[in-house]
């Protein structure tokens, strides 16, 4: 693995290949590789992995590492530390962590393929959620032999409370509905690559990947306490708001104190419509058969 995180191939005799990898090696879903081969975030992030690690090693990295974003609602609710503890108790090892703030454009990029059932109100609520403050991006290693992202996604649990088993990470966090889900994880190795391209600009992404690869190879964990404290400095635990009657107005989500906005978001997440009856187009064939109404 190169020691440097600079981009030695850019603009020289051996430019990076921004067309990306053989995506079908990183996904189990028919047609998804074709979509990701045209996705700018996926292509750019693969270029980072290939430059920092080498293309051959990058495939193994995407298999062995899972990406988790402990979201602002988890920090506001006071559930972030429980989530991290439960993930480690399940056998995952943190290999890199960063405080990450997401804006409304990143919201749409992150869930570009999965929001086909989202109402406009749901997008507004997600914008209000990320405006609360930063979250914590953690890269986790898993040594079970299964792709780390696949196992962590199963542990995460459904965004619909009635579909959970009672032992998922979202149960641990007390996620109340489809909007305040507390934690986001990558579904499979292809998504590990793409979402590194959404969460981090190139220099920070290169440093994050290099750190994770060193800790992965050395069998060591990265400390989480300092990164958690950095998020809590901006977004301290607020607890669960008192129940209210009626739905808040849109301006209540963007005006007022942090506590007032959190209370409005909590109330709106339980009263505003989150699912549309007419979905947007599917990106790959598996999405055609996936419906949150079932």
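Summary table below
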read-out	value
Approximate spin-label separation residue 250-residue 220, in nm, with each point projected 7 Å along Cα-to-Cβ	5.1 nm
Label point distance in nm, residue 258-residue 112, each placed 7 Å from Cα along Cα→Cβ	3.2 nm
Inter-label distance, nm, simple model (7 Å from Cα along the C-beta direction), residue 28/residue 177	3.2 nm
The chain, helix-only ellipticity at 222 nm - DSSP H runs n ≥ 4, -39,500 (n - 2.57), divided by all residues, nearest 500	-13000 deg cm²/dmol
Fraction in percent of alpha-carbon pairs per bin - 10 Å, the range 29-232	9, 37, 40, 14, 0
Crossing angle, helix 40-53 versus the chain [Cα axis fit, 0-90 degrees, rounded to tens]	50 degrees
Rounded to 10°, Cα long-axis angle of helix 55-64 versus longest principal axis of the chain	40 degrees
Peptide ranges 84-91, 214-221, 203-210 listed from the most packed, as the mean C-beta count within 10 angstrom indicates	203-210, 84-91, 214-221
Shape category assigned to the range 192-294 from the gyration tensor of Cα positions, a/c cut at 1.5	oblate
Theoretical FRET efficiency, 1/(1+(r/R0)^6), r = Cβ-Cβ of residue 143 and residue 105, R0 30 Å, to 0.05	0.25
Full-stretch length increase - residue 57, residue 163 - with 0.36 nm per residue and alpha-carbon distance subtracted	34.5 nm
Degrees, to the nearest 10: 120-130 long Cα axis against longest axis of the chain	70 degrees
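Bear in mind that the values in this text are calculations on the coordinates, not laboratory data. Since the model is a prediction, treat every value here as computed from it, not as a measurement. All Cβ positions, even for glycine, are placed from backbone atoms using ideal geometry, and neighbour counts span all protein chains on display.
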